[in-house]
Structure formats: C-alpha cells, structure tokens
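> Sharing a structure with you now.
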Amino acid sequence: MVGLGLLTLLVSLLLGACETSRRSTNELTMPEYNTKPTVPNKQIAQTGGEKIDFKVSQSELATAFIREFGDGTVIDRVMVHKAPPEPNEPVVYYLVALGLRNGMFRAMALPLLGGGDNTVFLSPTANRYVITGVGCSSCFFNFEGDRIIGTLCEGNPGGGRCDLRRLPGNTLFPK
C-alpha cells in the first residue's frame, strides 16, 4: 500500500514538473511573465526625403554597436538605410553599422519603427541581422521589400561568402 502511494506521489510530481516547464509564446508575452524591465524606444533620426538628421551622434551609435557586437568588431560607418519600398506599403528603415573584425567584413542591421512625423525609433525588441564576410571585401544586405532575406558578396575572388545570422532583441541602448 505504501509503495502504491509513493508511486502515485512520484507520478504526480513528475507530471506537475512537466506542466510548469512548458510555456506557450503567449504566456511569455503577457505582462505578469515579463520580468525584464521595459526600456523605451530610442529616437534615432528624423527622415525627410533623402536627408537623414541623426538625433543620436554617429560616434555614440558606433560605440553602441561595438559594445553590441562584443567580439572586437570595430565600426567604421553607421547609417540609416531605407529598405526598397513596396507599392502601397509604408517605408521601412534600418539602422546599419559596417566594420571589420580581424580583417573580415562585419555588419549589423536593426529595423527601426516609424513615427508619424518622420521620426524613426529603435526598439529594444528589434532583431539583429549580423553579417560576417569570409573572402568578400564587403557584404550587403539583400532585401525583398522591407525584409532582409539574405546577403550579397562584393569582391568575391571565388569561394567567398557572407554569413547572415538573425538574433533576437538588442541592447544597443541599455536602461
């Protein structure tokens, strides 16, 4: 009788442990499960036609990208890139940093949120698109409409490639 009671207790503990370890995506996004402090969106620039007016200095952005890479990548250039617009769709911008690590090309792009008055903001939940060039003098993000779908390799003497990784979130501007 004690053996059956012990077995029942063990099975209920195991089933309970399994149930609490499974969470759906919806549960993780509900406020009561969000234990991270919220970081507000950061205004990056004001757009106006072809002109970009940075609200955060490019040197501050370069330093933030160096910290975001966290692997010795040195940033040479930071820009706001307008994705090729689709007909009847809103314009999408990306914050892009270009640089080198150990002589290899590196780049990171973060999608920006558009404001109603031509302002663009960076969300801390924006994904990071990271390129590492191997045998390419430079790499470019390949777009399909407003989405990054791959890379293009320039200066490929044969066998070179640009590896693209999509990583969740960013800490470009920590709280």
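The values are calculated or read from the model by the stated rules, or taken from the named source; none is laboratory data. Remember, it's a predicted structure, so these values are computed and weren't measured experimentally. With ideal geometry, Cβ positions are generated from the backbone for all residues, glycine too; neighbour counts draw on all protein chains shown. Each accessible area value is taken on the protein alone, full model and side chains, heavy atoms only, with ligands, DNA and RNA left out. Shrake-Rupley method; radii C 1.70, N 1.55, O 1.52, S 1.80 Å.
> Under a point spin-label approximation (7 Å from Cα along Cα-to-Cβ), what is the Ser123-Met104 distance to one decimal in nm?
Once both label points are built, they end up 3.1 nm from each other.
> A further question on this structure: For the stretch 99-175, what % of the accessible area comes from carbon and sulfur atoms, probe 1.4 Å? Write down the numbers at each step before the final one.
Numbers: 2000 of 3990 Å².
The value for the stretch 99-175 is 50 percent carbon and sulfur by accessible area.
> Here is a follow-up. Which FRET efficiency value, to the nearest 0.05, is calculated for Arg161 and Arg67 with the Förster distance at 25 angstrom and r the Cβ-Cβ distance? Don't skip to the answer; put the middle values down first.
Values: r = 27 Å, r/R0 = 1.07.
It comes to 0.40.
> Quick one: pull the percentage of alpha-carbon pairs in the stretch 89-175 with a separation above 15 Å.
On the way: 2269 of 3741 pairs.
Summing the P(r) of the stretch 89-175 above 15 Å gives 61 percent of all pairs.
> Now for a different question. Ordered by packing density, taken as the mean number of other Cβ atoms within 10 Å over each peptide's residues, highest first, how do 48-60, 89-101 rank?
Details: 48-60: 11.3, 89-101: 18.2.
Going from most to least packed, we get 89-101, 48-60.
> Then there's this: Test of understanding: what is the full-extension gain from Thr171 to Asn88, defined as 0.36 nm times their sequence separation minus their Cα-Cα distance?
On the way: separation 83, 0.36 × 83 = 29.88 nm, distance 3.23 nm.
Additional length available on full extension: 26.6 nm.
> Relative to the present Cα-Cα distance, how much length would full extension add between Leu152 and Asp76 at 0.36 nm per residue of separation? Kindly include the intermediate steps, with their values, before the conclusion.
Working: separation 76, 0.36 × 76 = 27.36 nm, distance 1.93 nm.
Contour length minus Cα-Cα distance gives 25.4 nm.
> Something else: Could you do me a favour and compute the accessible area per residue for the stretch 42-167, 1.4 Å probe, result in Å²?
Ligands and nucleic acids excluded, the figure is 53 Å² per residue.
> Ranked from the most accessible area to the least, with a 1.4 Å probe and all protein chains present, what is the order of Cys162, Cys153?
Numbers: Cys162 20, Cys153 50 Å².
Putting Cys162, Cys153 in descending order of accessible area: Cys153, Cys162.
> If Rh is defined by the Kirkwood formula over all Cα pairs and Rg also comes from Cα, what ratio Rg/Rh do you get for the stretch 75-125?
Working: Rg = 13.2 Å, Rh = 12.3 Å.
We get a ratio of 1.07 for the stretch 75-125.
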